[in-house]
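Worksheet: one structure, shown below.
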Amino acid sequence: MFKSFINLIYPACCPACNKVLMNPNDFICTHCRYHLPKTNFHLHQDNPVSRRFSGRVNIQSAASFLYFSKGGIVQEMIGKLKYRGRKDIGIYLGEIYGHDLHESDFYKTIDVIIPVPLHKDKFKKRGYNQSEQFATGLSKSMNIPTDYLNVIRKENSNTQTKKGRYARWENVEEIFSVNNIETLKGKHILLVDDVVTTGSTLEATAAAILLIPGAIVSIATIACA
């Protein structure tokens, strides 16, 4: 009764379309859930996301859950996740996608999930790493542990939003490192981030991890632009 009273004053809204949820126990409305622009890239090892890393870094598999488009519901959700404190959105999307990845042959040998790290200054300003929230959701549904501390960002690079592909690579080159190499030796690591555009940040992070003997890297993101 108390929950119903609170929902009457502050009605729960869909994080994708901002409309009031008919069922306050739902996280996202039925319409938006049905119209999530899924890529299904996890079913095909050769896909538009994996091709972005071809010839650049040795990635085992790469996929994105959703298509990102300007003004779309995915942009709305990711904007709230990154800039409006809606950590629950990342966890929710991670849980859904984790079930898909768990059924894919390309992701059955994952040993640990690692999010692309934020620099400590950016983490302090934002209060959390949105990629960690996605990793948490994936971990829940895939039943695979996460590692939030082993891979670090040594330098605080400038925002990537308006940079071209080469400028993005220059912006992140050699700014990631691994703290404890021994714990990741011979492991299949799922490296995760929110959105992949040119893939420069993921490429640089993967390159640092692949210096570990026997390490294998696969990639999963919430969306691809």
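Read-outs: derived from the displayed coordinates by stated rules, not from any lab. Owing to the predicted nature of the structure, the values given are computational and were not obtained by experimental measurement. Ideal geometry is used to build each Cβ from the backbone, glycine not excepted, and the neighbour counts take in all protein chains shown.
Listed by chain and number, the aspartates and glutamates whose C-alpha is less than 17 Å from the C-alpha of Lys82, apart from same-chain residues fewer than 8 away, are Asp121, Glu132, Asp193, Asp194. If you take all other residues with their beta carbon under 13 Å from the beta carbon of Met142, and give Lys and Arg +1 and Asp and Glu -1, the sum is -2. In this label model, Asn25 and Lys108 are separated by 3.5 nm, measuring between points 7 Å along each Cα→Cβ vector. Summarising the label geometry, the points placed 7 Å from Cα in the beta-carbon direction at Gln75 and Cys17 lie 1.8 nm from one another.
Pairs exceeding 28 Å between alpha-carbon atoms, taken from Lys87/Lys108; Lys70/Lys154; Lys80/Lys154; Lys38/Lys154: Lys70/Lys154; Lys38/Lys154. With the simple model of a label 7 Å out from the Cα in the direction of the Cβ, Asn40 to Asp121 spans 4.5 nm. Asn180 sits among other residues whose Cβ lies under 13 Å from its own Cβ, and their net charge, with Lys and Arg +1 and Asp and Glu -1, is 0. Of all stretches in the chain that contain no GluC sites (Glu not before Pro) in a DSSP loop with at most 16 other Cβ atoms within 10 Å, the longest one is 1-102. The overall shape of region 88-127, judged from the alpha-carbon gyration tensor, is oblate: a/c is not under 1.5, and a/b is no greater than b/c.
Its relative contact order, with pairs defined as Cα atoms under 8 Å and 6+ residues apart, puts region 16-133 at 22 percent.
Taking the Cβ of His42 as the center, what net charge do the other residues with Cβ under 13 Å away carry, scoring Lys and Arg +1 and Asp and Glu -1? Within the 13 Å Cβ shell, the charges total -2. Counting 0.36 nm for each residue step from Asn180 to Lys140 and taking away their Cα separation leaves a gain of 12.0 nm.
Relative contact order for the chain: 22 percent, from Cα pairs under 8 Å spaced at least 6 residues apart, divided by residue count.
Computed extension gain for Arg84 through Tyr10, at 0.36 nm per residue and net of the alpha carbon distance, reaches 24.9 nm. Distance between the C-alpha centres of region 177-206 and region 62-77: 21 Å, rounded to the whole angstrom.
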